[in-house]
Each structure stands twice: as structure tokens, then as C-alpha cells.
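In what follows, a single structure is set out as C-alpha cells and then discussed.
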Amino acid sequence: MTERHRPHILVIDDAQPVLDLYGEILRTEGYQVSLTAQADGGIDEIKRAKADLIILDLVFHGETLGVPLIQAVKQDTDTTHIPVVVCTGAVRVMNAVEDDLARQGVAMIRKPFDIDDLLAMVRGGLTQSGLARVAHP
């Protein structure tokens, strides 16, 4: 009997308490989770992670690093298929790029987020990429 694939979610956010929260929520749902507080690892770090879905913020230490990172993910043939969920409190930045992100198929949610809404976006992204929802452990 083979073990069922547990989708791997990469979370990129510069706030450690937020990363810890993501980790707890997503692991409870049965996902494999990698957490990083650095957005400057770029596309190479994302490729190494071999994630099935990415959750990221748009602003890191006052810099809008999330937008170019999403563009790199969507333009690279090795990562373009990976669903991206933006979760940010940077409302002005999100409003400015919302249309472009929507055209790229990027889901967006504002902080503070509702856990059920976040999980629905994760399940939706994984379903669209062909990965079934993980059963609770």
C-alpha cells in the first residue's frame, strides 16, 4: 500500500508569530508545511521547496518583495503551475496589484484572516492544480 501524497505548502511571511499560526493551522489539516521569513531567496528557494502551493505576504520589512516574487513564479516554466495565495495586511499594495494578480490566478485574502476562508483558498488552489484535499489526520 502506498502512502497518500500530502500536499506541501510553502509559507513566506516576515512575521514569526504569523508563520507559527500558519504552521499550526495547516499541519492540523494534514498538510506538509515549510515556513520561511525571507522573500529574498527568490525563485530558486521555491524550486528547492517543491511546494504544491505557496502562501505569501506582499510586504517584507517595508519592501514590496511579494509582487516580483509572484511574477517570477508565474513566469518560470518549473513553477508557473504552483497556486499562489496572497495573505497580506498591506491593503493599499493589494488594491494596487489586485487586478494583475487576479489575471494570473492568484487568490487573495486580507489579514487578519478567517481560518475557514484561508483553508478554503488552500483547498481550492490544490484542487485546481489536481491535488485532492487531505483528510484530517
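The table that follows gives values for the structure above.
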item: Qualifying residue in the range 21-37 (condition: at pLDDT 95 or above, closer than 17 Å to residue 87 by Cα, of a type in the set (A, V, I, L, M, F, W, C) and out of contact with any strand residue (DSSP E or B) (no Cβ under 6 Å at 6 or more places or on another chain)); result: yes
item: Top-ranked residue of the range 77-124 - restricted to ones that are on the phi < 0 side of the Ramachandran plot and among the small types (Gly, Ala, Ser), ranked as surrounded by the most Cβ atoms within 10 Å (Cβ to Cβ); result: 107
item: Failed condition for residue 16, given (1) surrounded by fewer than 17 Cβ atoms within 10 Å (Cβ to Cβ); (2) closer than 23 Å to residue 96 by Cα; (3) of a type outside the set (D, E, K, R); result: (2)
item: Residue match in the range 53-67 (condition: at pLDDT below 95, more than 19 Å from residue 9 (Cβ to Cβ) and part of a helix (DSSP H, G or I)); result: yes
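The values are calculated or read from the model by the stated rules, or taken from the named source; none is laboratory data. Treat the numbers as computed from the prediction; the structure is a model and nothing was measured. Positions of Cβ are generated from backbone atoms using ideal geometry, with glycine treated the same way; all protein chains shown enter the neighbour counts.
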